[in-house]
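Below is one structure, written out as structure tokens; the observations come after it.
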Amino acid sequence: MGKIPLVIRRVQCSLCNATHALLPSGIVPYSQVLLTDHAAIASSFEDGRDGREVMDTNPELSPSQVFYILSLYIRFWRQRLLSESLPLSPAHALTKPCIRLFGRQFMQIKNTRNLLFVPPT
């Protein structure tokens with residue numbers, strides 16, 4: 001896969017006067033790991049494995065990243081998903097419900113407010 005440089009567009013809100021970053025839904029804010037890999041590691045844990053097999057599909061992942069993602073999932077996200085009966089698969093289907101219910105992208109830990117923008121027509 002490799003690393004892909006991204007240009008993050010920022011917009012200034014005319015209501016709150018704050019600036020907001022517009023991120024693709026497959027990105028977890030403050031993480032270098034894609035949403036699909038986060039969900040695959042969490043699914044691995046739920047299936048009784050330890051997430052290392054996800055490294056076979058993405059050689060960019062290190063064991064320390066997998067361990068860190070697993071610990072965040074268990075500590076912060078597992079009970080939230082269970083309480084709302086949200087499935088881990090497909091990963092892209094987690095974005096809207098997590099932002100609507102919890103105010104942040106799945107596996108985002110920093111407490112910053114996220115909003116969904118309607119794409120322009």
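The values are calculated or read from the model by the stated rules, or taken from the named source; none is laboratory data. Since this is a predicted model, take the numbers as computed values, not measurements. No Cβ is skipped: glycine too gets one built from the backbone with ideal geometry, and neighbour counts run over all protein chains shown.
Things to note:
- The residue that is nearest to Leu94 (Cα to Cα), counting only those in segment 18-37 that are surrounded by fewer than 17 Cβ atoms within 10 Å (Cβ to Cβ) and aliphatic (A, V, I, L, M), is Leu23.
- Verdict on Phe67 being under 25 Å from Ile4 (Cα atoms) and assigned to a loop (DSSP other than H, G, I, E, B): no
- Residue in segment 55-70 that is in contact with a helix residue (DSSP H, G or I) (Cβ under 9 Å, 6 or more places away or on another chain), among the polar types (S, T, N, Q), farther than 29 Å from Ala18 by Cβ and surrounded by fewer than 13 Cβ atoms within 10 Å (Cβ to Cβ) present: yes
- Contact annotation: residue pairs with Cβ atoms under 9 Å, 6 or more positions apart or on different chains, pairing a residue in segment 73-91 that is within 21 Å of Ser25 (Cβ to Cβ) with a partner that is of a type in the set (S, T, N, Q), are Leu88/Ser43; Ser89/Ser43; Pro90/Thr36; Ala91/Thr36; Ala91/Ser43.
- The residues of segment 78-91 that are in contact with a helix residue (DSSP H, G or I) (Cβ under 7 Å, 6 or more places away or on another chain) and either of a type in the set (Val, Ile, Thr) or assigned to a helix (DSSP H, G or I) (or both), listed by number, are Arg80, Ala91.
- Verdict on Arg100 being basic (Lys, Arg), assigned to a helix (DSSP H, G or I) and modelled with pLDDT of 95 or more: no
- In the set (1) modelled with pLDDT of 90 or more; (2) farther than 21 Å from Gln105 by Cα, the condition left unmet by Val33 is number (2).
- Residues of segment 23-56 satisfying the condition of being closer than 16 Å to Lys96 by Cα, β-branched (Val, Ile, Thr) and not in a strand (DSSP E or B): Val28, Thr36
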